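All remarks here apply to the structure that follows.
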């Protein structure tokens, strides 16, 4: 859901920050006031190509930021994680900076991004329906998703996709194996030899660490013994040993403590030092008893270390990577051996293809049933939107197996009586396409996840009762806590049904034209609806009509 749009020095906007809420919002204003600026700015933040001339006069750059709540948008969250662009909270920030020379920079959550990344991410955030904007509904992938979402079998579609990918991987492997059978046979033999060598080393990373520690100790054993003996001698062996002098100090402090209890802390500390010293002496003596300087054992350790290094140099592997390499080699050997087994790659590929076909056929049957219902629903919705005698069809065309099943899904429309069913981008004009998009969304939205929809000029060429129907349908679309419908409209019948109303106005300041967009209150809204109803002169009768439409 779109939370905020901030615009700086864009076309005729100097500075603007708009907060948005869920539900149906209308944007109104006089012709030329700049109503489409909001959509143009948001489109650029979503990765649309910059056609130039968008930086405000006498400014160096335009800066656009859009903040979205993606807490319930799994597709966007997964995309961000995959591209390592996620934020610490549920908000997503898209930013586009466009310089006067046409160059631009893009950011996602404060990190530099490409325009393609903005575009890919934007497809899961906003759908814009206007004469000049890209329509996601024109894409076959979107049409397929609408049908699958409407039918409630998106999970089956995802399963079919996964089964296709599994089969296709095996199919490619089969072709490669048949073409390079001897190479794979040689690779398998080499893998067996390497695995045998590695397993003979009985290597584990823990043992390798211990082996190096033991080698270091035994290689410097004489020096270790010399140092430890010196320490023991200094601690307790001679008359001036540390232990004897500490014992003398302990006696003196004990005597003093008996005379003054304020020395208790020093007494306790000295007692602890004496105990620690005794423990140190015992520990050093135990270490000496365990030191093993057996030359034969040292030779064995050195031989084992040398064997490990020799193996690593031979195959260019660090000892620290032996265990991971063993796993990789074993997996590859198992794969190659499975190709040569009784249940080899041919059988695996056949089984994978069968599993895909079964799932795809189930999906096809479900789509056939759902397509009839959805076609009728959208046809009915079209009748209410001034497409008299119009017709809509969800066409399923059989095709070769693909990740998306056994058929291509295409939306066809005949906008009026006697017209031929054609793909929607060929059969509808710009204004009709916006209304047709509305019909499709209204008929299929119950199970779709479209967080934000923006309609521009959805009311072109209509009025009266049809306009009121459009308004009611838009309000119905926005009747969801996590869904937004933003509409640019010239019709009071549409604007009056909005839950939130933004007004666009234009002023002359310092010899420049500036556009302003702001959320209006109930009183201001009455005046705006009255303006839309009454033209230049707004009468009391017009205001009363506006109040009636707004039910205030």
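Among 315, 129, 502, which comes first, second and so on when ranked by fewest other beta-carbon atoms within 10 Å?
315, 502, 129
How much FRET efficiency would the formula 1/(1 + (r/R0)^6) give for residue 402 and residue 31, where r is the Cβ-Cβ distance and R0 is 51 Å, rounded to 0.05?
Computed FRET efficiency for residue 402 and residue 31 comes out at 0.60.
Rounded to the nearest 10 degrees, what's the angle between the helix 464-477 long axis and the longest principal axis of the chain, both from Cα atoms, 0 to 90?
It is inclined by approximately 10 degrees.
Length gain on complete extension for the stretch residue 275 to residue 524, per 0.36 nm per residue less the alpha carbon to alpha carbon distance?
Gain on stretching residue 275 to residue 524: 81.0 nm.
Could you order peptides 518-524, 302-308 by the average number of other Cβ atoms within 10 Å of their residues, highest first?
Averaged packing, sorted descending, gives the order 302-308, 518-524.
By how many degrees, between 0 and 90 and to the nearest 10, does the Cα long axis of helix 540-550 differ from the longest principal axis of the chain?
It works out to around 50 degrees.
Quick one: grab the alpha carbon gyration tensor of the stretch 65-158, order the square roots of its eigenvalues as a ≥ b ≥ c, and give me rounded if a/c is under 1.5, else prolate or oblate depending on whether a/b is larger than b/c.
Since a/c reaches 1.5 but b/c is at least a/b, the shape of the stretch 65-158 is classed as oblate.
Once you sort the root eigenvalues of the Cα gyration tensor of the stretch 197-266 as a ≥ b ≥ c, which label holds: rounded (a/c under 1.5), prolate (a/b larger than b/c) or oblate (the other case)?
Oblate, since a/c reaches 1.5 and b/c is not below a/b.
Among 404, 425, rank each residue by its count of other Cβ atoms within 10 Å, from fewest to most, as a rough exposure measure.
Going from sparsest to densest Cβ surroundings: 425, 404.
Bin width 5 Å, alpha-carbon pairs only: give the P(r) of the stretch 205-329 as whole percents, running from 0 to the bin holding the largest distance.
For the stretch 205-329, the binned pair fractions read 2, 9, 13, 12, 10, 9, 8, 8, 7, 6, 6, 4, 3, 1, 1, 0 percent.
On full extension of the chain, what length is gained from residue 296 through residue 226, given 0.36 nm per residue of separation minus the C-alpha to C-alpha distance?
The residue 296-residue 226 span can extend by a further 23.1 nm.
Given the C-alpha centroids of the stretch 344-396 and the stretch 187-218, what is the distance between them in whole angstrom?
Between the Cα centre of the stretch 344-396 and that of the stretch 187-218, the gap is 57 Å.
What FRET efficiency do you get for residue 83 and residue 337 if R0 is 25 Å and r is their Cβ-Cβ distance, rounded to the nearest 0.05?
The value I calculate is 0.10.
With r defined as the distance between the Cβ atoms of residue 476 and residue 175 and R0 fixed at 51 Å, what FRET efficiency is calculated, to the nearest 0.05?
The pair residue 476/residue 175 has a calculated efficiency of 0.45.
Apply the a/c threshold of 1.5 to the C-alpha gyration tensor of the chain and tell me whether it is rounded, prolate or oblate.
Judged from the Cα gyration tensor, the chain comes out oblate (a/c at least 1.5, b/c at or above a/b).
Starting with the fewest neighbours, write out 391, 231 ranked by other beta-carbon atoms found within 10 Å of each beta-carbon.
With the sparsest Cβ surroundings first, the list reads 231, 391.
With a point put 7 Å past each Cα toward its Cβ, work out how far residue 204 is from residue 242 in nm, to one decimal.
3.7
Output the 0 to 90 degree angle, nearest 10, between the alpha-carbon long axis of helix 154-179 and the longest principal axis computed from the alpha carbons of the chain.
It is inclined by approximately 60 degrees.
Whole angstrom only: what separates the Cα centroid of the stretch 483-547 from the Cα centroid of the stretch 42-74?
First find each Cα centre; the distance between them is then 25 Å.
Run the helix sum for the chain: -39,500 (n - 2.57) per DSSP H stretch of 4+ residues, divided by residue count, reported at 222 nm to the nearest 500 deg cm²/dmol.
Theoretical 222 nm ellipticity from helices: -18000 deg cm²/dmol.
For a quick protection proxy, order the peptides 206-214, 413-421 by their average other-Cβ count within 10 Å, most packed first.
413-421, 206-214
Once you keep just the Cα pairs under 8 angstrom separated by 6 or more residues, what percentage relative contact order results for the stretch 205-329?
Dividing the mean separation by the residue count of the stretch 205-329 yields 31 percent.
All of the numbers you see were taken from the coordinates with simple rules; none came from a lab. Note that the coordinates shown come from a computational prediction; the quantities given were computed from them, not determined experimentally. A quick note on method: Cβ atoms are made from the backbone with ideal geometry, for glycine too, and the neighbour counts reach across all protein chains shown.
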